[in-house]
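The values are calculated or read from the model by the stated rules, or taken from the named source; none is laboratory data. Computed from a predicted structure; not experimentally measured. In this analysis, Cβ positions are derived from the backbone assuming ideal geometry, glycine residues included, and neighbour counts consider all displayed protein chains. The area values use the complete protein model at the heavy-atom level, side chains included, leaving out ligands, DNA and RNA. Shrake-Rupley method; radii C 1.70, N 1.55, O 1.52, S 1.80 Å.
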Amino acid sequence: MCGIVGYIGPRDAAEFLIHGLHRLEYRGYDSAGIATITPQGRLTVVKAAGRIQRLEELLSERPASGCTGIAHTRWATHGAPTDENAHPHIGGDGALAVVHNGVIENFQPLKQRLQAEGYLFHSATDTEVIAHLIDSCLKRHPLPADMAAAEYRPLAAAVQAALAQLQGTYGLVVMFRQWPEVLIAARLGSPLIIGVGHGEHFLASDGSPLVGYTDQVVCLSDHELAIVTAGSLRVIHHEQGHVDHSVQRLEIEAGAVELGRFEHYMLKEIFEQPESIRNAMRGRLDAHNATAKFGGLNLTPQQLRSVDRLLLTGCGTSWHAALVGEYQIEALARLPVEVEYASELRYRNPPLERNTLLFAITQSGETADTLAALREVKRKGHFALGICNVVGSTIAQESDGGIYLRAGPEIGVASTKAFTSQCTVLAMLALYFGRLRHLSFDDGMRIIEALRRLPEKVEQALESNDTCRHIAEKYAECNNFLYLGRQYNFPTALEGALKLKEISYIHAEGYPAAEMKHGPIALVDAHTPSVFLMPQGSVYSKVLANLQEIKARGGPVIAVVCSGDTQARQWADDVIEIPSVEEYLQPIVTVIPLQLLAYHIAVLRGCDVDKPRNLAKSVTVE
Ligand code: AGP
């Protein structure tokens, strides 16, 4: 997922732009660049493949001066990660510069047409087509002598004329050499927000670069374009014209994007989970009615009562959370739930009953498969809600309503606090639907009390950190792991395996514990540890039997058990203790040592924990 930063105001633009690029590093990238313009119209462009540090080295030799600027971190789609393909891209003979996040599907025919017009291309990117196309449209529009007096509308018109020819998605910012006192920003399918300062404006793909500069933001919606100067911001819609934009408060605290006392963002976010779970529940537990309450479902209780089936969809960790939600909602609300990989749902065309309600579950709100699945189900006429972390994200904007996780920025690529917040929100949804249907007041209050105890339980689970680190030292060299659990802890096993895979690059598989007998047990040997999730519950004895089957075949066993467990420790090679909690909340507590185990193994293996190889924080392409 690319990252965009822009600035216009009295400051030295490059300083904010580089700061902003560092704040967006977590999105994953393979090249970066910056362009600034001086009031005299001197355009400087510095860009390079690799990390932002390389860009900073180049800037120390060739400073980019000026109070207007744009910058970009690129996750290569069209064209390899090279210096030439890095953004910003120049339009015409240097008349303008563009940074872009998204994919232009019809860039090839446009490129051929522009080449026929005489434009020379220096990259293999779709974005360079946008730059030259805007330049071509500028040349076709008679421009007033005094653009400022015309409020830069002719500039906006030329950009809109170019955008109208594009098929695909974009969040982009354009800077003009002849008019260094204005930036034009536009959005269709890729997020773009504008921070409002005092006599200055900040632009970014998400809120993290703005923290510490402003908490007043305008989130552009699809088909909107912004004309931004140091002291003014005008938003226009490509059909409706002028838009009275609303300024929202950016709810990201400064500490949320700083590492603080932690070595990695992932560890910081693992330890933030008691607070992020409190935030997920804040104001949503209704003890007066022994239920949960949400402000954004946009459906009446009568409409929600008529729902016959829930369809939960997502990708990766969010899909695991959906599986947890299936167990929770079917157990507590007796409401049928179906879970689908979003990448499958978008093409599978399943028969959906009329009263099926979709929840798209996503941390970033930008995952392409999840967005496509949401659009497909909406196209069939179903109400589609989002469970999302990033305010103003594309899925948050396109869903018919939903529930924000309020987990704060999740910067580590491996999702941790978002997962436990998703499971917490789904537990509250299970309570809500249960109380719409058959759960009694007392039932509801028992669930509310269990939820209220949850942050403290997670704090206790975090006390297993040292144990997890010691166990990690014992098994960090292994090349295969199995994660095994039953019922609510089957999805937790999948999630634990994914955590290990994605940050330590060790092969790991999660299975329902009973499934071992149907083939995977052939994998067991002395070098393949099996992690058993076996907190006290209805299937404990069954899982213990599976553990014994592994031990009988010489496989090392790590058991995650409730404090005081005396049985599993007779068989397991290593034990990690967690507090006991209601079964429908167990994934939220049981996953904590799995996150810690994966983290410590990855650190011991010298992996880039926050930015694992090949991965991006949000997969915005198919
Ligand atoms: C989880 O650790 C991974 N980073 C990945 O599986 C992620 O959960 C998936 O890409 C979905 O992302 P989303 O929640 O932002 O939609």
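Given Cα pairs under 8 Å that are at least 6 residues apart, what percent is the relative contact order of the range 213-365? Mind dumping the intermediate values first?
Working: 142 pairs, mean separation 25.4, N = 153.
Dividing the mean separation by the residue count of the range 213-365 yields 17 percent.
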- Please report, as a whole percent, how much of the solvent-accessible surface of the range 116-235 comes from carbon and sulfur atoms (probe radius 1.4 Å). 54 percent
- Item | Sites residue 613 and residue 525, calculated FRET efficiency, Cβ-Cβ separation with R0 30 Å, nearest 0.05 | 0.65
- Before rounding to the nearest 500, sum -39500 (n - 2.57) across all DSSP H runs of length at least 4 in the chain and divide by the residue total; then give [θ] at 222 nm in deg cm²/dmol. -11000 deg cm²/dmol
- Query: What is the calculated FRET efficiency for residue 437 to residue 507, with r their C-beta to C-beta distance and R₀ = 25 Å, to the nearest 0.05?
  - Reply: 0.05
- Note on the structure: Once the in-chain neighbours fewer than 8 apart are removed, the lysines whose Cα is under 30 Å from residue 611 read 47, 268, 417, 457, 474, 499, 501
- the chain accessible area per residue, 1.4 Å probe, protein heavy atoms, integer Å², reads 37 Å²
- How far is helix 417-437 tilted off the main Cα axis of the chain, in degrees rounded to 10, range 0 to 90? 70 degrees
- Message: Test of understanding: what is the full-extension gain from residue 453 to residue 148, defined as 0.36 nm times their sequence separation minus their Cα-Cα distance?
- Response: 103.9 nm
- Task: Once you have the Cα-Cα distance between residue 262 and residue 445, take 0.36 nm times their residue separation minus that, and quote the gain in nm to one decimal.
- Result: 62.2 nm
- Query: Put +1 on the Cβ of every Lys and Arg and -1 on every Asp and Glu Cβ in the range 472-524; which of 514, 493, 480 then has its Cα farthest towards the positive end of the dipole?
  - Reply: 514
- Just name one of 173, 219, 122: the one whose Cα is farthest towards the positive end of the charge dipole of the range 112-237 (beta-carbon charges, Lys/Arg +1, Asp/Glu -1). 122
- At a Förster radius of 51 Å, what calculated FRET efficiency corresponds to the Cβ-Cβ distance of residue 58 and residue 306, to the nearest 0.05? 0.25
- Rounded to the nearest 10 degrees, what's the angle between the helix 540-551 long axis and the longest principal axis of the chain, both from Cα atoms, 0 to 90? 90 degrees
- Task: Compute the distance in nm between two label points, each set 7 Å from the Cα along the Cα-to-Cβ direction, one at residue 573 and one at residue 379.
- Result: 5.1 nm
- Task: May I ask you to rank 341, 511 by accessible area, largest first, using a 1.4 Å probe over the protein chains only?
- Result: 341, 511
- Query: Once both labels are modelled 7 Å past Cα along the beta-carbon direction, what's the residue 298-residue 353 spacing in nm?
  - Reply: 2.5 nm
- Principal-axis tilt of helix 441-462 within the chain, Cα atoms, nearest 10 degrees: 80 degrees
- So how much slack lies between residue 42 and residue 124, counting 0.36 nm per residue of separation and subtracting their Cα-Cα distance, in nm? 26.9 nm
- Query: Hey, if you put +1 on the Cβ of every Lys and Arg and -1 on every Asp and Glu Cβ in the chain, which of 324, 597, 291 ends up farthest toward the positive end of that dipole?
  - Reply: 291
- Message: Among DSSP bridges having both ends in the chain, what percentage is antiparallel? Round to the nearest 5.
- Response: 65 percent
- Message: Show me the ranking of peptides 200-210, 292-302, 444-454 by mean Cβ neighbours inside 10 Å, starting with the highest.
- Response: 200-210, 444-454, 292-302
